[in-house]
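A quick write-up on the structure given underneath.
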Amino acid sequence: MNIAVEWETGGEPAAEPGSPRARRRDIPALHMSLVTLGVSDLPRATAFYEALGLERKMRAAEGVAFFMAGPVALSLYPRHELAADAGVIDGRRGQFGGMALACNRVSRAEVDATLIRAVAAGGRALRPAQATFWGGYSGYVADPDGYPWEIAHNPGFAIDGEGRLTLPA
């Protein structure tokens, strides 16, 4: 029996997807609580996110930087150490990894201002903001380690006074 099956079922044979056993009621729903980015230069990456207005927390923690980013925490950790911790081989820096982070704004003007601020803080412009096929407005910038950030305004998403997004039903 492989470990993935043991984790999923507590050692029992795997349940068919969609079956009642596969939807265990004693396991809480998955909620994103922390995003960790593997970075090549921790002080540089920390300075970039501080320049974008994120407040660093837990400053006493060594070798890592933590920020609150709305209801989710952002963590910066040395890339090679993160790869080793996850048991994977580190890939090439700046190569697209099939993931983009996103920051939604309440207006097109805020999208433009955020993109300008990110580039001024050491980010690299990837795609200028433009109208989208889905009725919004977005552009892309990469942080100093090449992680792409979509900066977007989606008129269908509500954003509260603290910048938290609420998806429509």
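The values are calculated or read from the model by the stated rules, or taken from the named source; none is laboratory data. What you see is a predicted model, and the numbers here were worked out from it, not measured in a lab. Cβ sites come from the backbone with ideal geometry, for glycine too, and all protein chains shown count toward neighbours. Ligands, DNA and RNA are excluded from the accessible area calculation, which covers all protein heavy atoms including side chains. Shrake-Rupley method; radii C 1.70, N 1.55, O 1.52, S 1.80 Å.
Is it the case that the stretch 67-80 has a residue that's open to solvent by 70 Å² or more (accessible area, probe 1.4 Å), without any contact (Cβ under 8 Å) to a residue 24 or more places away in the chain and more than 13 Å from the chain's Cα centre (by Cα)? No, the stretch 67-80 contains no residue that is open to solvent by 70 Å² or more (accessible area, probe 1.4 Å), without any contact (Cβ under 8 Å) to a residue 24 or more places away in the chain and more than 13 Å from the chain's Cα centre (by Cα). Condition first: at pLDDT 90 or above and either part of a helix (DSSP H, G or I) or under 20 Å from Gly123 (Cβ atoms) (or both). Can you find one or more residues in the stretch 3-14 that meet it? The answer is no, given that none of the residues of the stretch 3-14 is at pLDDT 90 or above and either part of a helix (DSSP H, G or I) or under 20 Å from Gly123 (Cβ atoms) (or both). A Cβ distance below 9 Å, combined with a sequence gap of six or more or placement on separate chains, defines the contacts here; from the stretch 87-102, residues that are under 28 Å from Tyr137 (Cα atoms) reach residues that are modelled with pLDDT of 75 or more and loosely packed, with under 13 Cβ neighbours inside 10 Å in the pairs Gly97/Gly91. Among the candidates Ala131, Ala84, Ala29, Ala100, the residue that is of a type in the set (A, V, I, L, M, F, W, C) and either at pLDDT 90 or above or in contact with a Leu (Cβ under 9 Å, 6 or more places away or on another chain) (or both) is uniquely Ala131.
Being among the polar types (S, T, N, Q) and more than 18 Å from the chain's Cα centre (by Cα) narrows it down to one residue among Thr132, Thr114; which is it? Exactly one residue qualifies, and that residue is Thr132.
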